[in-house]
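Novice: The structure's right below; bear with me while I get my questions together.
Please treat every number below as a calculation from the coordinates, not as lab data. Computed from a predicted structure; not experimentally measured. Backbone-built Cβ (ideal geometry, glycine too); neighbour counts: all protein chains shown.
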Amino acid sequence: MTTLRRFCCNDLLRFTSVNLDHLTETFNMSFYMTYLARWPDYFHVAEAPGNRIMGYIMGKVEGQGESWHGHVTAVSVSPEYRRQQLAKKLMNLLEDISDKVDKAYFVDLFVRASNTTAIKMYEKLDYIIYRRVLRYYSGEEDGLDMRKALSRDVDKKSIIPLKRPVTPDELEYD
Ligand SMILES: CC(C)(COP(=O)(O)OP(=O)(O)OC[C@H]1O[C@@H](n2cnc3c(N)ncnc32)[C@H](O)[C@@H]1OP(=O)(O)O)[C@@H](O)C(=O)NCCC(=O)NCCS
């Protein structure tokens, strides 16, 4: 049985096994604490019987006007619990909050261009590649900025792909 619940401070001391994956970014404690304090609705954990952490998602809501959007900062599932629709459920939770609570126009995320597993998953969840960000990861690997329009974006304007790649300095940060 899986329990999906909000992530809490104590989980920061227990989720290392999930973060050992080389495609999962590990941030410093203050980064996680900021997310917990500012966007608690966007930080969820999946737990197995015995309180074992199976995976988690963290994100935020940001932007101005029609760029108001939910953002997936990290989603990761421990290897032994993969292909059980866990990431899908965690993504659906974040999308629901962005859509129904925060009335955002879309959800976006960045993924390494080489992370074909994650890209396949996002495509299965109806995300499209909005733009390529050249050398987004440590000045080396390109990132893909993927998006999914939410119900507020009636004309689906947020997911019209850009025709050219961008560089990290062209990204909007808010
Ligand atoms: C990407 C990741 C989060 C997927 O987690 P998961 O719980 O296994 O994914 P789900 O079971 O919810 O998969 C949903 C759908 O995505 C697709 N998918 C997931 N893993 C896949 C794989 N290895 N190959 C092909 N398609 C895959 C499938 O269509 C799947 O549906 P299906 O099983 O009915 O075919 C997990 O592999 C992971 O933690 N990877 C390392 C961290 C990472 O890359 N995070 C994303 C960073 S941007």
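Novice: So what is the 222 nm mean residue ellipticity for the chain from helices alone, if each DSSP H run of at least 4 adds -39500 (n - 2.57) and you divide by all residues, rounding to the nearest 500 deg cm²/dmol?
Specialist: -5500 deg cm²/dmol
Novice: Give me, ordered by chain and number, the residues 5 or more places off Tyr130 or on other chains with an amide H under 5 Å from its own placed amide H.
Specialist: For Tyr130, the qualifying residues are Asp145, Met146, Arg147.
Novice: Also: Where the only charges are on Cβ atoms (+1 Lys, Arg; -1 Asp, Glu), what is the dipole of the stretch 3-170 about its Cα centre, to the nearest 20 debye?
Specialist: 380 debye
Novice: If you average the C-alpha positions of the stretch 125-156 and of the stretch 31-55 separately, how far apart do those two centres end up, in angstrom?
Specialist: 24 Å
Novice: Net charge near Tyr81: determine it from the other residues with C-beta under 14 Å of the C-beta of Tyr81, scoring Lys and Arg +1 and Asp and Glu -1.
Specialist: In short, +2.
Novice: Which order results if Tyr42, Tyr137 are arranged by neighbouring Cβ count within 10 Å, fewest first?
Specialist: Going from least to most buried by this count: Tyr137, Tyr42.
Novice: Something else now. Packing-wise, with mean Cβ within 10 Å as the measure, how do 20-30, 71-81, 6-16 rank, highest first?
Specialist: Listed from highest to lowest mean packing, they are 71-81, 6-16, 20-30.
Novice: Taking the Cβ of Asp41 as the centre, find all other residues whose Cβ is under 14 Å away and add up their charges (Lys, Arg: +1; Asp, Glu: -1).
Specialist: In short, +1.
Novice: Can you find, among Val133, Leu94, Asn10, the residue farthest towards the positive end of the dipole of the stretch 3-170? Put +1 on the C-beta of Lys and Arg, -1 on that of Asp and Glu.
Specialist: In the stretch 3-170, that residue is Leu94.
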